[in-house]
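Q: My questions all concern the structure below.
The values are calculated or read from the model by the stated rules, or taken from the named source; none is laboratory data. Quantities reported herein were computed from a predicted structural model and do not represent experimental measurements. Cβ placement follows ideal geometry from the backbone for every residue including glycine, while neighbour counts extend to all protein chains displayed.
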Amino acid sequence: MINVRYIATIDQVDYLVEIIDDKHVALNGQIYEIDFASVSDQPIYSLLIDGESYEAFVDRREEEWQILLLGNLYLVRVEDEREKRLRAAAGGRVIERGEFHLKAPMPGLVVAIPVTEGQRVNKGDVLVILESMKMQNELKSPRDGVVIRLRVGVGDSVEQSETLLSVV
Amino acid sequence: MINVRYIATIDQVDYLVEIIDDKHVALNGQIYEIDFASVSDQPIYSLLIDGESYEAFVDRREEEWQILLLGNLYLVRVEDEREKRLRAAAGGRVIERGEFHLKAPMPGLVVAIPVTEGQRVNKGDVLVILESMKMQNELKSPRDGVVIRLRVGVGDSVEQSETLLSVV
Amino acid sequence: MFNKVLIANRGEIAVRILRACRELGMKTVAVFSDADRHALHVRYADEAYYIGASPSRESYLRGDKIIEVALKSGAGAIHPGYGFLAERADFAQAVLDAGLAFIGPKPSSIAAMGDKAVARATVSKAGVPVVPGTEGEGALRDDELLAIAPQIGFPLLIKATAGGGGKGMREVKFLDEMPALLKAARREAEAAFGDGNVYLEKLIDGARHIEFQILADTHGNVIHLGERECSLQRRHQKLLEESPSPFIGDDEELRQRMGEVAVRAAEAVGYVNAGTIEFLVDKDKKFYFLEMNTRLQVEHPITEMVTGVDIVKEQIRIARGRQLRYTQEDIFLKGWSIECRINAEDPYNNFMPSTGVLTHIIPPTGPGVRIDTGVYPGFEITPYYDSLISKLIVWGETRAEAILRMRRALEEYRILGVHTNIPFHQRLMDSHRFMAGQFDTRFVEERFSLESAQENIETHPNIAAIIAALVAHRETRRAAQFVRRGERDISNWKWLGRWERIRK
Amino acid sequence: MFNKVLIANRGEIAVRILRACRELGMKTVAVFSDADRHALHVRYADEAYYIGASPSRESYLRGDKIIEVALKSGAGAIHPGYGFLAERADFAQAVLDAGLAFIGPKPSSIAAMGDKAVARATVSKAGVPVVPGTEGEGALRDDELLAIAPQIGFPLLIKATAGGGGKGMREVKFLDEMPALLKAARREAEAAFGDGNVYLEKLIDGARHIEFQILADTHGNVIHLGERECSLQRRHQKLLEESPSPFIGDDEELRQRMGEVAVRAAEAVGYVNAGTIEFLVDKDKKFYFLEMNTRLQVEHPITEMVTGVDIVKEQIRIARGRQLRYTQEDIFLKGWSIECRINAEDPYNNFMPSTGVLTHIIPPTGPGVRIDTGVYPGFEITPYYDSLISKLIVWGETRAEAILRMRRALEEYRILGVHTNIPFHQRLMDSHRFMAGQFDTRFVEERFSLESAQENIETHPNIAAIIAALVAHRETRRAAQFVRRGERDISNWKWLGRWERIRK
């Protein structure tokens, strides 16, 4: 039987995880006995590994797994060997995508838009201030670029996931 | 619009319930404003009736609704007018069914069977003693009759809902 | 000195002990059976090891396997909780022999108190009053018991020598019925403890069951933490406990006198760690030693609430050789605490145990409310272990406040998936006799009824009628919709499937 | 004398007040908006009335409708909770004008303390020290404020005259940045309170935010219940509170002195009912009056835990004209209590609020743990109201025990469906500076990081890597199964639908 091999990457450190069978994995070559189960049909997972008991909340965001474990959040990229090779061949660089679409993370009221269409912005600049849950929340640009397609105005109510503007 | 009319019977007292629309019912002719909702997709129901707030656990057992309300259990038979008429025509008597099948209310171990096949029993007599959850539970006969088809023996493990014997 | 504790138990008490360890900075090791892979004690522990199949005798009663896990995991101590191996002298000895600490009394104390006959003889010698009976006579045959019974007088109790928790116990009113009851008691004792020996005991009329919590360290200090009132029982199973006892109330002299006797009883067996002395108290406030529970008690939290002492943490400190942090003078009972045992059983069907997956839980919270539990939404109540879902504990400045608080907490509690005895406790809180503190150990079985009419409780049959009609109406309407949909596309098995599920 | 209370609020505080009423045998009336039909306060109340759409201004801020409901339902009193209408003198007056009792202070006290400038002038006159600033100057224009600022000295704070809770507040380090910050503060104040007026206040370096709980009856008795340490804030929102304050600690003389000043401040406005005096305390233990909150405080439970006084019940008794049941001599702080505010927000994404249906909750329970909450599994966190999910409160004999208990409680807490700030609190409990009590109001923002590396916290990236790989593996395998099934019967849309859901 051939083990399934994954490379999990956290903070640029690679961990080689081999799935041996339902009760065994190897981490960087060392074999552990495991008992892995999801709880109450929720994205909570209980892992017993060589007797140690861990529980994690697991969420997926785009290319990464978010593992909340004992109050620490780990962002984990999991790839099989083929995917890893392909990415390495591409130079390992994260290719910046063409456009960033700023979406409302929750329903709310637009109370300010400190930018205008066509304006150059830097990573970290505030694009929109959205009021929700009695708080004013600053939505910031994740990258440098130019603001395009400003779709909302001050005083607008917006729905969750509504695209407010884009940065190109 | 024609109201849907139900007769709810509790302890041999009839309550005439008319469903007028989503927001109104009449009880014995008196109209109430209601707001009725189930909670968390569970058989818990919240009733606001003329402003009063009630919450009940609702369960159905055969012909009856079990309404657990403020710590009191009400066994309610609900019929529409036609069903009620039919039952009245039948004399209103509860017709005793031919056979009673004693089913294990939970998995357990049979520790005693104080009756034998063919034995006459009275209502309330212990038929089987089942050990479960560290307790010895006496399963009693709900009616007078004769024990037939004894399917288990002392020391047997039984599954939930397994028929143990019948009373005819 | 140990820094890692194995908890040889499951359910709420395993979680309770685990919390105490964690709050003391100790590492925890859980053990589990097949049925408990998803149990909270497994999820909350630092380490967890599988020890066998679901039936207790294949897992939680396997002392050998448990000691093996302790050694393997490097745990330096074992806490047995209550039930299972908690009062087995041989297990306690095996733990010590393996070089581990046992968080509990010495094996000799367990043995002395575990045999009811020896226990009574021992404390009797120390000047502690005991209930008349055959406790000193060894294992008697039926004919011998039948001969002695009239000397003790009726009513009397048949009790299992190895017993506890009401198992193997029968009440005898007349000599005639005694042979059959002896047989039943022996059978139950044999099944429960593997020991069919029984003894007889005078039944004290109007008796209260009042117990004293004891703490004893390895330096010879023994104190008591006041009493718990445990008279509300059904089939000799405690249902509700409170501290202080309304029967003792302000009688500080009686409390101190009973407390001193309790301490003396513990000292008679050289007791160390936490334990409980149970007394029967008659109408004239005469009290008799009943037995000693040489372990943590289910109802220990009410004592914690009124004394502020964390009993489980004290147990661990004692096992680490520390001196008690309190003297008798430090202990006073502040306010009032009540515990209701919330069991998976149907109070409307002869308290039949109820199994199933808990689909939904809303626990009562807020001021003065504590819950000790090992369950959560999605957990399954199986038939393998006892039916205790949780312990609902409240504290109030006065008994009246505690009762009102318990009443609102019970009303708030939502548990779906199994039947619970919450309605029973609600009726008990409404009972005038309970409110007045006028009850004895026979109250629940003889003078209490779930029929609210008997206590002039306000009922709402009209509301129940409306709710039932509305639910029935919804169901009819929904079923009709599926039929209509089905007519449009009869090949669509999905709707038919739903329809069938609804009608079943 | 009223026996039925309308609770003009929602969420955890509505449930908290409802419980107090019920435990006093009072009937309860809830009000609700569209978003709250299924809320716990509606479900637990004796009566519940719809008052409007989800936005607060159409429901919970509609004083007129709420008074109408009170009159219709026969409620004799209104408890405003905190937030919403709690500190609106006009609402309190309208309640009195309608012939109802207001469970809170007199409208004149609310008005006097509600305007920060008037408040400072009033208490200043009574000999209470205040922080230097423009509080006595009325509503100043920007140019006036810019002129005065250098006299007060930098750093200073711009604060909303009508404000509270950090809204409309800005910190100014240099004169140059002040015009832009004034503009932002006024805009926020206008949006939050409909009043854009602001004032300046000296920023006390290394300041502690310490507040005293006051109780005052209608018979002229005023007492304090000791202090609460509230320095741990983010954007001027409190995150964690404790009582006593580790900064005051054993300095009983300071505690009594501050308590007496707090009582004097309350007396300066003829205060009745429960209220809180907030102080800033500098490194040299000099303290300044900051403001008075003329209502029940979010963090009141920690005071309840250490004093044993049920503050909400006292509020109701006071409103019924009763005398306080305690004198100052009865009050002492026993043990230590900590509260963590559990908010629906993402600590890893700039504390962005998070909405959604709560799919699963396992609250921590057991000894010394109290939770005040208004949510349950299946309830939806909407964007209309604040992000407080629950208050997790612990009590311990010592501060160390309370911290260890909070740590285990946070670790046990499971909430799914929204992001929560539980990881933030967990890191805070691990922080050496927090453990040592070495923090001020700027600690969270300036010296605290979720990056655990900074605090040498043990991490488990290897475990995270294994879990991620196992989950990814399961998903791949499951998806593959659906594809294979799909191949057998490509017309079966159901499998394809699932496949798509999994891949999205």
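Q: Looking at the range A:55-76, can you tell me whether even one residue there is crowded, with 18+ Cβ neighbours inside 10 Å and touching a residue at least 60 places away in the same chain (Cβ under 8 Å)?
A: So far as the range A:55-76 goes, yes, one or more of its residues are crowded, with 18+ Cβ neighbours inside 10 Å and touching a residue at least 60 places away in the same chain (Cβ under 8 Å).
Q: Can you tell me which residue is farthest from C:LYS238 (Cα to Cα) among those in the range C:260-285 that are assigned to a helix (DSSP H, G or I) and among the aliphatic types (A, V, I, L, M)?
A: Once the filter is applied, the top-ranked residue is C:ALA268.
One line per residue, one yes/no per condition, for (1) touching a Lys or Arg at 6+ places or on another chain (Cβ under 6 Å); (2) assigned to a strand (DSSP E or B); (3) among the small types (Gly, Ala, Ser); (4) not assigned by TED's automatic domain parsing to the domain that holds D:GLY335:
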position: D:ILE158; (1), (2), (3), (4): yes, yes, no, yes
position: D:GLY168; (1), (2), (3), (4): no, no, yes, yes
position: D:ALA180; (1), (2), (3), (4): no, no, yes, yes
position: D:LYS183; (1), (2), (3), (4): no, no, no, yes
position: D:ILE214; (1), (2), (3), (4): no, yes, no, no
position: D:GLY226; (1), (2), (3), (4): no, yes, yes, no
position: D:GLU229; (1), (2), (3), (4): no, yes, no, no
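Q: Since D:MET305 meets every condition but one in (1) assigned to a strand (DSSP E or B); (2) in contact with a Phe, Trp or Tyr (Cβ under 6 Å, 6 or more places away or on another chain); (3) of a type outside the set (S, T, N, Q), which condition does it not meet?
A: Condition not satisfied by D:MET305: (1).
Q: Whether any residue in the range C:303-315 is more than 23 Å from the chain's Cα centre (by Cα) and surrounded by fewer than 22 Cβ atoms within 10 Å (Cβ to Cβ) is what I want to check.
A: Within the range C:303-315, the first condition is being more than 23 Å from the chain's Cα centre (by Cα), and the residues that meet it are none.
Checked against the condition, which is being more than 23 Å from the chain's Cα centre (by Cα) and surrounded by fewer than 22 Cβ atoms within 10 Å (Cβ to Cβ), the range C:303-315 yields no hits at all.
Q: While we're looking at this one, here's another question. Only one of (1) modelled with pLDDT of 90 or more; (2) buried (at least 20 other Cβ atoms within 10 Å of the Cβ) is not met by C:GLU188, so which one is it?
A: Failed condition: (1).
Q: Filter the range C:191-211 down to residues that are surrounded by 22 or more Cβ atoms within 10 Å (Cβ to Cβ), in contact with a Ser or Thr (Cβ under 7 Å, 6 or more places away or on another chain) and either without any contact (Cβ under 8 Å) to a residue 40 or more places away in the chain or closer than 27 Å to C:GLY249 by Cβ (or both), then give me how many there are.
A: 4
Q: Sort out which residues of the range D:360-413 are among the polar types (S, T, N, Q) and within 9 Å of another protein chain (Cβ to nearest Cβ), and write them in order of number.
A: D:THR365, D:THR373, D:THR382, D:SER387, D:SER390
Q: Hydrophobic (A, V, I, L, M, F, W, C), within 28 Å of C:PRO377 (Cβ to Cβ) and more than 14 Å from chain B (Cβ to nearest Cβ) - does that describe any residue in the range D:429-438?
A: Yes, the range D:429-438 contains at least one residue that is hydrophobic (A, V, I, L, M, F, W, C), within 28 Å of C:PRO377 (Cβ to Cβ) and more than 14 Å from chain B (Cβ to nearest Cβ).
Q: Follow-up. One residue is enough: does the range B:90-103 have a residue meeting the conditions surrounded by 20 or more Cβ atoms within 10 Å (Cβ to Cβ) and either in contact with a Gly (Cβ under 8 Å, 6 or more places away or on another chain) or within 12 Å of chain C (Cβ to nearest Cβ) (or both)? I'd like the intermediate steps shown before the answer.
A: The initial filter retains those residues of the range B:90-103 that are surrounded by 20 or more Cβ atoms within 10 Å (Cβ to Cβ), namely B:102.
Adding the requirement that they be either in contact with a Gly (Cβ under 8 Å, 6 or more places away or on another chain) or within 12 Å of chain C (Cβ to nearest Cβ) (or both) leaves none.
The answer is no; no qualifying residue exists.
Q: Same structure again: Please state which of the following conditions C:TYR288 fails to meet, knowing it meets all the rest: (1) part of a helix (DSSP H, G or I); (2) out of contact with any His (no Cβ under 8 Å at 6 or more places or on another chain); (3) surrounded by fewer than 23 Cβ atoms within 10 Å (Cβ to Cβ).
A: (1)
Q: I'd like the full set of residues that are within 14 Å of chain A (Cβ to nearest Cβ), touching a Lys or Arg at 6+ places or on another chain (Cβ under 8 Å) and not in a loop (DSSP other than H, G, I, E, B), limited to the range C:61-96.
A: Correct list: C:SER73 only.
Q: Turning to a different aspect of this structure: Quick check, is C:ARG264 modelled with pLDDT of 95 or more and in contact with a Gly (Cβ under 8 Å, 6 or more places away or on another chain)?
A: The answer is yes for C:ARG264.
Q: Residue under question is D:ALA111, and the condition is that it be surrounded by 19 or more Cβ atoms within 10 Å (Cβ to Cβ), modelled with pLDDT of 95 or more, assigned by TED's automatic domain parsing to the domain that holds D:ILE17 and not in a strand (DSSP E or B); does it hold?
A: Criteria not met by D:ALA111.
Q: Can you tell me which residue within the range D:30-45, out of those that are out of contact with any Asp or Glu (no Cβ under 8 Å at 6 or more places or on another chain) and not in a loop (DSSP other than H, G, I, E, B), is nearest to the other protein chains (Cβ to nearest Cβ)?
A: Filtering the range D:30-45 for residues that are out of contact with any Asp or Glu (no Cβ under 8 Å at 6 or more places or on another chain) and not in a loop (DSSP other than H, G, I, E, B), the one nearest to the other protein chains (Cβ to nearest Cβ) comes out as D:LEU40.
Q: Does C:ASP330 count as more than 25 Å from C:THR382 (Cα to Cα), surrounded by fewer than 22 Cβ atoms within 10 Å (Cβ to Cβ) and without any contact (Cβ under 8 Å) to a residue 24 or more places away in the chain? Steps first, answer last, please.
A: On the way: more than 25 Å from C:THR382 (Cα to Cα): yes; surrounded by fewer than 22 Cβ atoms within 10 Å (Cβ to Cβ): yes; without any contact (Cβ under 8 Å) to a residue 24 or more places away in the chain: yes.
Criteria met by C:ASP330.
Q: A follow-up question, please. Taking C:PRO383 as the residue in question, decide whether it is without any contact (Cβ under 8 Å) to a residue 12 or more places away in the chain, outside the structural domain of C:ARG16 (by TED's automatic domain parsing) and in contact with a strand residue (DSSP E or B) (Cβ under 6 Å, 6 or more places away or on another chain).
A: In short, no.
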